[in-house]
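Presented below is the structure to which this report refers.
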């Protein structure tokens, strides 16, 4: 008999048990988190229901796991924490899901309702705290409201632009009898674009001299990769991707030009200099400000998305095609025609330039290894459908700019909230969901130490992904920015533990790369381990950062 039932004198289920019934009705099969005294009723209800619970080593790791679960499945990932410090530890991962558009439901324990008006041990107004970083945050103040609160949490998390929601369950409410039953999941209606908007968009695209497609995270969430690629090929339009839109068009397609979003003025901006029409497809301003690419006043914009565009002085669409992305694109293709327009050779040359640049960097045999050589070699080891999960740091800029992708959701980058510590727990969730694929977490030594403890979770749960640490003993991205702006560095250096010994202490496999030639064999060896995760450490030479800065400045100043 569970803890909740021992104190229950009725045959009615408790609020905690009904909440778990609601989670099962939503299709929840796994919850990530750390329990506490205030959610013990909920924990034993989870046990009774047979939902898999994965105890993590930090609540932030639980939130990142739920975040990536949501990205890859389209269904809300669920994370759980107790009140006070447990809840505050969730905040970074919840905020990441909120800005990056990943469906997530966070559940927290709370003090009993009679203590909320008092100065109470560990009490914070969690609904107020989570409100700015969620689409909806509610406290269950009466047992009979729990089913509605839960249904709405999932509805808000998964629909529109997906994001995070929060449910706060006080301890006394969790234990009370609850007469309610789970509400049915509602299938959201399919929304299709206004035919007049489709017709006008097709006309503008047909008449444009140099259109360019800007594909973002919404195109990935909307499963529009095939439609975007078809539009590019049929209408001869180059495609620029955001970092979170990588893979929306295969990297070996001639119309794929590259990625916008690095801090520097990059070659890809040349395409926008020439463009008279930008076709935003699933573009989200949080990924990359229009200031990066809106280079002249003669540029017109079409917004093709599931939702109307946000307001921005530099993103004012002439026409908005709002509805199912793939349907909108195929409807446009019924009447749009650009057969009388020449192939955009000068714009496509931008993508060729980046491709050739990576080829040249891949020949660099110096050691410590340069970022371009590392990316080139990683691509040789990973298959087309394998998954790379990037942490945040200098390596993210190189991966975002240069790592070739063939499919959506094969390069996961946090670039809305852009939080360090994302890669290790994110790779855990990716490998758990896609066990047949190779999953590689790429992290700097700074980001790795922020959530390295989740390797123990991976060992315990038998989830064998590989973590690659680019080691330079600095917070590399901030060092790069300091060098650019001040010509000096301050406050960004640190020392590192022996990462191989640390990995082995957590019952993982540890490897250290000693030469360029050793990198690919070492990474292959790490992926052969199926009994436990592996950690590969490679010294990196980030002098390439300022080399890139000087090259781009010379080209555009």
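FYI, it's all coordinate maths here, none of it is from the lab. Small disclaimer: the values here were computed from a predicted structure and weren't measured. Positions of Cβ are backbone-derived with ideal geometry, glycine not excepted, and every protein chain shown enters the neighbour counts.
For the chain, with equal point scatterers placed on the C-alpha atoms only and solvent neglected, what are the log10 I(q)/I(0) values from the Debye formula at q = 0.06 1/Å, to two decimals? Each listed q corresponds, in turn, to -0.32.
Look at where the Cα atoms of region 129-177 and of region 434-497 average out, and the two centres are 33 Å apart. Starting from the Cα gyration tensor of region 232-320, take the square roots of the eigenvalues, sort them a ≥ b ≥ c, and report rounded, prolate or oblate (rounded when a/c is under 1.5, otherwise prolate if a/b is larger than b/c, else oblate). It is rounded, given that a/c, with a ≥ b ≥ c, falls under 1.5.
Would you mind ranking 304, 319 so that the residue whose beta carbon has the fewest other beta carbons within 10 Å leads the list?
On the way: 304 33, 319 19.
Listed from fewest to most nearby Cβ atoms, that is 319, 304.
Each peptide among 216-222, 345-351, 146-152 gets the average number of other Cβ atoms lying within 10 Å of its residues, and from highest to lowest they stand as 216-222, 146-152, 345-351.
Helices in the chain, meaning DSSP H runs of at least 4 residues, each add -39500 (n - 2.57). Divided by all residues, the mean residue ellipticity at 222 nm is -12500 deg cm²/dmol.
Take the alpha carbon gyration tensor of region 195-349, find the square roots of its eigenvalues, order them as a ≥ b ≥ c, and report rounded if a/c is under 1.5; if not, report prolate when a/b exceeds b/c, else oblate. Cα axes put region 195-349 in the rounded bin. Cα centroids of region 280-314 and region 7-75: 38 Å apart.
Would you order 471, 38, 357 from fewest to most other beta-carbon atoms within 10 Å of each residue's own beta-carbon?
On the way: 471 20, 38 24, 357 16.
Ordered from fewest to most neighbouring Cβ atoms within 10 Å, 471, 38, 357 come out as 357, 471, 38.
Over region 263-398, what is the relative contact order in percent, taking alpha-carbon pairs closer than 8 angstrom and at least six residues apart?
On the way: 121 pairs, mean separation 23.3, N = 136.
Normalised by residue count, the contact order of region 263-398 is 17 percent.
In degrees from 0 to 90, rounded to the nearest 10, what is the angle of the helix 195-207 Cα long axis to the longest principal axis of the chain? Between the helix axis and the principal axis of the chain, the angle is about 30 degrees.
Separation of region 365-406 from region 187-215 is 34 Å, based on Cα centroids.
Residues 165, 457 in ascending order of nearby Cβ atoms (within 10 Å, fewest first): 457, 165.
Highest mean packing first, where packing is the average number of other Cβ atoms within 10 Å per residue, the peptides 166-179, 243-256 line up as 243-256, 166-179.
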